[in-house]
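For reference, the structure discussed in these notes is given below.
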Amino acid sequence: MTGELRSLLSPRLQPPRTVTKWLDIATDGLTLEAARRVRHDYLNHFQDTLADQPHLTATDILRRWGSAHTANRELRRTHLTIRDAHRLPPRHLSLGGSLWSASAPVAGLTIAALPDLRRGEAVTPLLLYVGALTTLALLRWWILSRPLTPTRRATAYWLTSPFSGALLAGLMAALWFLHTGTLTPDPLLTWTREPASWAVLSVVTLHLWRLPLAVNASRKLGAETA
């Protein structure tokens, strides 16, 4: 099926006939500020081209600009999208907000340790865990309250999150137990074959993948605000 036939069958694939429509497609999915900047640049280029070459029409210029959908894909790679904006850390993190973010893992571990706590066991490890998460939350608030570049802020926000802290602590504990011989690789390999491990590894992988996504979004933000 040729491109012309596809365009006739699907109105969405038909090339835009006005500059406004072309820009609507090209800036689709961008944040309001990014779309405003792109529209401003393209409209200036449009006016300059008409001034320098008055024999051209709007259709001629749109033909030079090419496919609006292709332009949209290219603009999404370099400009902040709405999805990117959701991956950025908050611009202001209060002390209460930082402490509140640590409450969920503390509550989860406390509930899991209730049987041991009723027997008077696991009190010291729980207190150490709560203290470590509280310290991490305070460190997170102190770091993010300072002026940082968007990329450093995104990285610091991820590194000081409760999940990252718990993940790092678990990794260090596992390495220590392996080093001292308390834990052998065989139980770990057996655990990875269980279905429950797949869910855990999926959550960990998703959390690790959030870092490059946040850093990429912060780079776009930094380029736009430079």
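The values are calculated or read from the model by the stated rules, or taken from the named source; none is laboratory data. Everything quoted here is computed from the prediction, not taken from an experiment. Using ideal geometry, Cβ is built from the backbone for each residue, glycine included, and neighbour counts are taken over all protein chains shown. Ligands, DNA and RNA are excluded from the accessible area calculation, which covers all protein heavy atoms including side chains. Shrake-Rupley method; radii C 1.70, N 1.55, O 1.52, S 1.80 Å.
Structural remarks
- Top-ranked residue of segment 85-117 - restricted to ones that are touching a residue at least 60 places away in the same chain (Cβ under 8 Å) and in a helix (DSSP H, G or I), ranked as most open to solvent (accessible area, probe 1.4 Å): ARG87
- Evaluation of LEU148 against (1) surrounded by 15 or more Cβ atoms within 10 Å (Cβ to Cβ); (2) without any contact (Cβ under 8 Å) to a residue 12 or more places away in the chain; (3) farther than 25 Å from THR225 by Cα (one fails), failing number: (3)
- Positions within segment 195-226 being within 18 Å of ARG83 (Cβ to Cβ) and open to solvent by 30 Å² or more (accessible area, probe 1.4 Å), in sequence order: LEU206, TRP209, ARG210, LEU211, PRO212, LEU213, ASN216, ARG219, LEU221, ALA223
- Of residues in segment 49-84 being closer than 16 Å to ASP28 by Cα and among the acidic types (Asp, Glu), the one most open to solvent (accessible area, probe 1.4 Å): GLU74
- Cβ separations smaller than 8 Å between residues 6+ apart or across chains give no pair from segment 159-174 residues that are loosely packed, with under 12 Cβ neighbours inside 10 Å and assigned to a loop (DSSP other than H, G, I, E, B) to residues that are at pLDDT 85 or above and not aromatic (Phe, Trp, Tyr).
- All of (1) open to solvent by 40 Å² or more (accessible area, probe 1.4 Å); (2) in contact (Cβ under 8 Å) with a residue 40 or more places away in the chain; (3) within 20 Å of ALA166 (Cα to Cα) hold for ALA132 with one exception: (2).
- Residue selection: ASN72 satisfies the criterion of being at pLDDT 90 or above and touching an Asp or Glu at 6+ places or on another chain (Cβ under 8 Å).
- A single member of TYR157, TYR129 is aromatic (Phe, Trp, Tyr) and in contact with a Pro (Cβ under 8 Å, 6 or more places away or on another chain), and it is TYR157.
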